[in-house]
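Participant: The structure that follows is given in the form of C-alpha cells.
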Amino acid sequence: MGLIANYNLRSMIVRKGTAAMTAMGIAMVVAVFVMTLAIAQGFRSTLVASGSPENAIILRKGSTSENLSAVLKNQLPIIESLPQIAHGPDGRPLASAELLVIISLPRVTDNQPANVPLRGVGPKAYEVRSTLKFVEGRRFTPGTREINVGQQALTRFKGLALGSDVKFGSATWKVAGIFTAEDASFESEIWGDVDLMMPAFQRGGYQSVTAKMTDPSVFESLDAAIAADPRLDLKPQREPEYYADQSATTTTLIRVFATFVTVILSIGAVFGAMNTMYAAVAYRTREIGTLRALGFSRLRIVTAFLAESVALALVGGAIGCVLALPVHGLSTGTMNMASFSELAFKFRITPGLLLGGLLFSALMGAVGGLLPAIRAARIPVARALREI
Amino acid sequence: MKFINLVLKSARRSKRRTALTVLSVAIAVFLFSALRAVLDGFNAATEASSSTRLVTIRSTSMIFNMPTSHVDTIRSVPGVQDVTYANWFGGIYKDPKNFFANIAIEPESYLRMYPEIIVSPEEKQAFLEDRTGCLVGSGLVKRYDWHVGDKIVLKPGIPYYGTQDYPFTIRGIYKSGSSAVDDQTMWFHWKYVDERGAVHGQVGWVVALLNNPDAATRVSQLIDEKFANSPNETKTDTEKQFQASFASMLGNLNLLLGSVALAVVITTLFVAGNTMAMSVRERTTEIAVMRTLGFQAVTIFLLVVGEGIVVSIVGGALGAFVARLIVNGEFLQAAGGFIPQFGVNNWNAVTGVGLGAVIGLLAALIPATMASRLKIVDALRRVA
C-alpha cells in the first residue's frame, strides 16, 4: 500500500489548485453543517442544564409544560410531607412551589417587546437549584417586592440593572440581585416571591412544584406515592427529562432545517468532488495503465482513488470544522415554542459534532470518488498505455 | 453573437462535466430560492398585515386576558369604526404534535373585519347559526383530510378552559385572501368556549378598525390611556407592528438564513470555478491554436466567460424551476404552524436565475483570465 498511497498523495499535491478548490467546497458544507447543528445543540443543552438528576418537577397530570399546569395551594403541604423529599439543615423540606408567567419587556438590541419568563418561586428555590450563583447583589427577601434577574435576561432586555425598578403586574419591583446558572435556561428568567406574584397576576394557585429528592433513586417511590394519593391529581417527572422534552420542538425544527440545507448542499459538493476525481483519472490514464501492468489489481486501483477522494474530502472537512469554530460560545436567543418566551443560549460545538462533520465530509468524498474510481479500474491496460 | 455556437460547442465538449456543473449550480439556486421564500413568507405576513386594524393586548403580556368590558370601552374611543375580539384557545387535536392555531372569536364582527377570510355565504351562515360550529382553513383541511360536517374534538390546553373536551362541527372551509391570514387556522364561537370554560367573561385581545389609518398612533394612545392604572392595563399597536414583533421573537432570521445562503453561493463558486479552470486547462493547446489563427485575447476571455454564464444560467433555470414546482405552501409542515406559509414565487425564481448567471460570471473570471494570458509559444509546445 505504501507505494500507491504515496502516489495518490503526491498526485494530489501536483494538482493542488483543483484539490484546494474541491476541499474548500466541502469545507463550506461542513461549516454550515456544524454551525446549524451547534444552534440545536446549544439550545438543547441550555434547557437540559436546567435539570438536576436529584430534582423532580411535579405538574398537573397530563400537562406537558409548566405553562399548562396547575397545582392547588393545599396540595403543596401534602407534597412537602412526602418522605422522598429531602430536607434542608433547618429541617424544612426542599421544595419550591412555582408560578411561571410571561411578561413583555423591550429588547436591548431593537427595542421591540419580547416575552420574558417570570418565575415566582418559594423560599427554598435557591437550595433546590444549587447551580445558581449571585454575581451581583443578593437573593430577594421573601415577602417584599424584590426580584432577581438572570444574567442573560439582564443583557438582553432593557431596565433590569441592579437596583432599578421594574413595572409589571400592576406593581413596581426592585432588582435585588443578578444570578448565573451555569448556562441553564434560568439565566433568561426573572425570579420573585411566588406569594406576591400570585395576587399580582390574579392567580389562585401554583403551576409546578420542584423538589429535591433524598436520592435520585427514590423517584419511582415518589411517583407511586403521588399516584396513590387521591388528593393529588399530579405527576412527577425527573427534571432532566422534563427539560429535554421542553427543548424537543425547537431542537427538532432546527435539526430538520439543518439537515435539509446540508444534505442538498452536500449534493452540490459531491458533484464538485466527482468532477475533480474524473479529471484526475483522465489525466492519469497512462499512469493507471502502468500500475495495472505492474500487477496492481483493479481493487487496489479502486481503493486507491477512493482513498484519495476521501482524504481530499477529510482535509475539506477539517477546514470546515475550523471555519465553524469561532461561533462556539456566541450568544443568541430564540423563542422557545414550549414556553412561548425568549430563551437565550450559546452556540455549542461539541467534539461529537466535529466528528460528525468529519464523517460527513468523508462520506461526501466516498460518494463523489466512487464512480471515478471504478472508471479508473476499468480502463483497459493496453489502451491506457498507448495513450500519450 | 456569432460566437454563440463556439461557446455551446465547448460546453458540450465534456458532457459529464458540464452536466455536473449545471446540477451543482441548480442545487445552489434551488436552496437559495427556498431560503429566500422562507424570509419572504415572514416579511409578507408583516407586509400584508393591516395598518388600519389596531390590536389591543394586556400590557404585561399577551398570555393574560382582559374583561369583556374592555371591548365596549374601546368601541367608544373616537376614531374606532368597528371592534371585535378573540381568545387563543390552544386546544390540542388528538396529540400535542398536531399543532395549529385554534382561536375563539366573536364570529360576526370578526368575519366582518377580516375580509381576508374568504368563505361562501352559505357556509358562513351555517357557521354563524351553530354555536359549536367552526371554520377551518383550506390548508388544515388538506392536512387532516377534513370535510364540512365532520366532528372534531379539541382537548383544552390552557388550565382555565377546564378539563372537559370541546366537540366542534366543521361548518365551513375558508380560503386565505392575503398573507395576513394563513390557511392553517381553526375559528369558532367565543361564546361556546366562554360558557364551557372555568373562567368567564375574558378576552385575549381586541381588534379595532380605524376610520383613518393616519390616526393609528393617536387612537392607540387613547385606548391605552383609558385603561392606565387599572388592574388590566393594555398595550395597543397596529397589526403590522404586532406581527413584526412576533416574527422578531424567533431570533435574527435574516442573519441566520442570510449566512446560510451566502455559504451556499460560495460553495458553488468553488465547485463551478474549479470546473471551468479544469476545462480551460484541458483546452490549452486549442486556445493557443485559436490565438495563432488571429483570435484576440479579449475574444478568448469573453468565450470562456460566456461558457461559464451559459452553463450556470441553464443550471440556475433548472434549480429555480424545480424550486418553483415543489416548494409551496405544503412544504415544511414540520415547522408546526409557527412559520408563516411560504412558497417560491416567480420573482424568487427570476432572482435565482440571475444569481446563477452571477455565479457563472464570477466562477469563469479566473479561468478566463488564465486563458486570455496564455503564451502561445509555451502552450503550443506543451503536450496536453
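The values are calculated or read from the model by the stated rules, or taken from the named source; none is laboratory data. Here the structure is a predicted model, which is why all the values come from computation and not from measurement. Every residue, glycine among them, receives a Cβ derived from its backbone with ideal geometry; neighbour counts consider all protein chains shown.
Participant: Within segment B:170-198, can you find the residues that are more than 30 Å from residue B:244 (Cβ to Cβ) and basic (Lys, Arg)?
Facilitator: B:171, B:191, B:196
Participant: Could you list all residues from segment A:244-277 that are facing chain B (nearest Cβ under 7 Å) and modelled with pLDDT of 85 or more?
Facilitator: Across segment A:244-277, the qualifying residues are A:256, A:261, A:264, A:265, A:267, A:268, A:269, A:271, A:272, A:274, A:275, A:276.
Participant: Checking residue A:349 against (1) assigned to a loop (DSSP other than H, G, I, E, B); (2) free of Cβ contacts under 8 Å to residues at least 12 places away in the same chain; (3) aliphatic (A, V, I, L, M): exactly one of these is not met. Which one?
Facilitator: Answer for residue A:349: the failing condition is (2).
Participant: Would you mind stating whether residue B:131 is among the charged types (D, E, K, R) and buried (at least 18 other Cβ atoms within 10 Å of the Cβ)?
Facilitator: Working: among the charged types (D, E, K, R): yes; buried (at least 18 other Cβ atoms within 10 Å of the Cβ): no.
It is false that residue B:131 is among the charged types (D, E, K, R) and buried (at least 18 other Cβ atoms within 10 Å of the Cβ).
Participant: Check residue B:86 against each of (1) within 22 Å of residue B:202 (Cα to Cα); (2) in contact with a Pro (Cβ under 7 Å, 6 or more places away or on another chain) and name the one condition it does not meet.
Facilitator: (2)
Participant: Under the condition of being among the aliphatic types (A, V, I, L, M) and either in contact with a Pro (Cβ under 6 Å, 6 or more places away or on another chain) or surrounded by fewer than 20 Cβ atoms within 10 Å (Cβ to Cβ) (or both), which residue from segment A:45-67 is farthest from residue B:90 (Cα to Cα)? It would help to see each step written out before you state the result.
Facilitator: At the first step, the residues of segment A:45-67 found to be among the aliphatic types (A, V, I, L, M) are A:47-49, A:56-59.
Applying the additional criterion that residues be either in contact with a Pro (Cβ under 6 Å, 6 or more places away or on another chain) or surrounded by fewer than 20 Cβ atoms within 10 Å (Cβ to Cβ) (or both) yields A:48-49, A:56, A:58.
Numbers: A:48: 25, A:49: 28, A:56: 26, A:58: 22 Å.
Looking at the filtered set, the residue picked out is A:49.
Participant: Restricting to segment A:13-44, name every residue that is over 22 Å from residue B:266 (Cβ atoms) and surrounded by fewer than 20 Cβ atoms within 10 Å (Cβ to Cβ). Write out each step before concluding.
Facilitator: Residues of segment A:13-44 that are over 22 Å from residue B:266 (Cβ atoms), as a first pass: A:13-14, A:40-44.
Answer for segment A:13-44, where residues must be over 22 Å from residue B:266 (Cβ atoms) and surrounded by fewer than 20 Cβ atoms within 10 Å (Cβ to Cβ): A:13, A:14.
Participant: Can you report the number of residues in segment B:229-272 which are more than 9 Å from chain A (Cβ to nearest Cβ), without any contact (Cβ under 8 Å) to a residue 12 or more places away in the chain and either at positive phi or not in a helix (DSSP H, G or I) (or both)?
Facilitator: 0
Participant: Tally the residues that are surrounded by 24 or more Cβ atoms within 10 Å (Cβ to Cβ) and either more than 17 Å from residue A:378 (Cβ to Cβ) or free of Cβ contacts under 8 Å to residues at least 40 places away in the same chain (or both), restricting the search to segment A:263-307.
Facilitator: 10
Participant: Consider residue B:214 carefully, then state whether it is modelled with pLDDT of 90 or more and of a type outside the set (A, V, I, L, M, F, W, C).
Facilitator: Against the criterion (modelled with pLDDT of 90 or more and of a type outside the set (A, V, I, L, M, F, W, C)), residue B:214 does not qualify.
Participant: What residue, of A:221, A:188, is closer than 27 Å to residue A:115 by Cα and at pLDDT 90 or above? Give the derivation first.
Facilitator: Details: A:221 fails: closer than 27 Å to residue A:115 by Cα.
Residue meeting the stated conditions: A:188.
Participant: Mind checking which residues of segment A:204-213 are surrounded by 15 or more Cβ atoms within 10 Å (Cβ to Cβ) and not basic (Lys, Arg)?
Facilitator: So the first thing to find is which residues in segment A:204-213 are surrounded by 15 or more Cβ atoms within 10 Å (Cβ to Cβ), and the list is A:205-213.
A:205, A:206, A:207, A:208, A:209, A:210, A:211, A:213, listed by residue number.
Participant: Can you tell me which residue among A:354, A:343, A:323 is modelled with pLDDT of 90 or more, in contact with a helix residue (DSSP H, G or I) (Cβ under 8 Å, 6 or more places away or on another chain), within 14 Å of chain B (Cβ to nearest Cβ) and closer than 30 Å to residue A:151 by Cα? I'd like the intermediate steps shown before the answer.
Facilitator: Working: A:354 fails: within 14 Å of chain B (Cβ to nearest Cβ); A:343 fails: modelled with pLDDT of 90 or more.
The unique qualifying residue is A:323.
Participant: Give the residue that is nearest to the chain's Cα centre (by Cα), with candidates limited to residues of segment A:146-182 that are closer than 13 Å to residue A:106 by Cβ and away from chain B (no Cβ under 14 Å). Give the derivation first.
Facilitator: The first filter runs over segment A:146-182 and keeps only residues closer than 13 Å to residue A:106 by Cβ, leaving A:153, A:156-160, A:166-168.
Pick out the ones that are also away from chain B (no Cβ under 14 Å) and you get A:153, A:158-160.
Details: A:153: 19, A:158: 26, A:159: 29, A:160: 27 Å.
The residue in question is A:153.
Participant: Give A:99, A:132 a once-over and let me know the one that is within 14 Å of chain B (Cβ to nearest Cβ), over 23 Å from residue B:99 (Cβ atoms) and either under 28 Å from the mean Cα position of the chain (by Cα) or β-branched (Val, Ile, Thr) (or both). Explain how you work it out, then say what you get.
Facilitator: Working: A:132 fails: within 14 Å of chain B (Cβ to nearest Cβ).
Only one candidate qualifies: A:99.
Participant: Let me ask something else. Only one residue in A:259, A:251 is surrounded by fewer than 17 Cβ atoms within 10 Å (Cβ to Cβ) and under 30 Å from residue A:335 (Cβ atoms). Which one?
Facilitator: Matching residue, one of A:259, A:251: A:259.
Participant: If you don't mind, there's one more thing I want to ask. How many of the residues making up segment A:102-127 are among the basic types (Lys, Arg) and at the interface with chain B (Cβ under 9 Å from one of its Cβ atoms)? Talk me through it step by step, then tell me what you get.
Facilitator: Just the residues of segment A:102-127 that are among the basic types (Lys, Arg), to begin with: A:107, A:119, A:124.
Next, from what is left, pick out any that are at the interface with chain B (Cβ under 9 Å from one of its Cβ atoms): A:107.
Adding up the residues that qualify gives 1.
Participant: Still on this model: Provide a single number: the residues in segment B:273-328 that are of a type in the set (A, V, I, L, M, F, W, C), touching a helix residue (DSSP H, G or I) at 6+ places or on another chain (Cβ under 9 Å) and assigned to a loop (DSSP other than H, G, I, E, B).
Facilitator: Residues in segment B:273-328 being of a type in the set (A, V, I, L, M, F, W, C), touching a helix residue (DSSP H, G or I) at 6+ places or on another chain (Cβ under 9 Å) and assigned to a loop (DSSP other than H, G, I, E, B): 2 in total.
Participant: Right, something else. Among A:223, A:233, A:215, which is under 30 Å from residue B:66 (Cα atoms) and among the charged types (D, E, K, R)?
Facilitator: Details: A:223 fails: under 30 Å from residue B:66 (Cα atoms); A:215 fails: under 30 Å from residue B:66 (Cα atoms).
From the options A:223, A:233, A:215, the qualifying one is A:233.
Participant: Within segment A:21-65, count every residue that is among the β-branched types (Val, Ile, Thr) and assigned to a strand (DSSP E or B). First the steps, then the outcome.
Facilitator: Filtering segment A:21-65 for residues among the β-branched types (Val, Ile, Thr) gives A:22, A:26, A:29-30, A:32, A:34, A:36, A:39, A:46, A:48, A:57-58, A:64.
Next, only the ones that are assigned to a strand (DSSP E or B) stay: A:57-58.
The total comes to 2.
Participant: Does segment B:40-70 hold any residues that are of a type in the set (Val, Ile, Thr), surrounded by fewer than 20 Cβ atoms within 10 Å (Cβ to Cβ) and under 28 Å from residue B:162 (Cβ atoms), and which are they?
Facilitator: The first filter runs over segment B:40-70 and keeps only residues of a type in the set (Val, Ile, Thr), leaving B:46, B:52, B:55-57, B:60, B:63, B:68.
Cutting the leftovers down to surrounded by fewer than 20 Cβ atoms within 10 Å (Cβ to Cβ) gives us B:52, B:68.
Passing the criteria: only B:68.
Participant: So is residue B:98 closer than 30 Å to residue B:80 by Cβ and among the polar types (S, T, N, Q) or not?
Facilitator: No; evaluated as a whole, the condition is false for this residue.
Participant: Here's a follow-up. Of the numbered conditions (1) closer than 30 Å to residue B:132 by Cβ; (2) within 14 Å of chain A (Cβ to nearest Cβ); (3) aliphatic (A, V, I, L, M); (4) surrounded by 21 or more Cβ atoms within 10 Å (Cβ to Cβ), residue B:193 fails exactly one; give the number of that condition.
Facilitator: Just one mismatch for residue B:193, condition (2).
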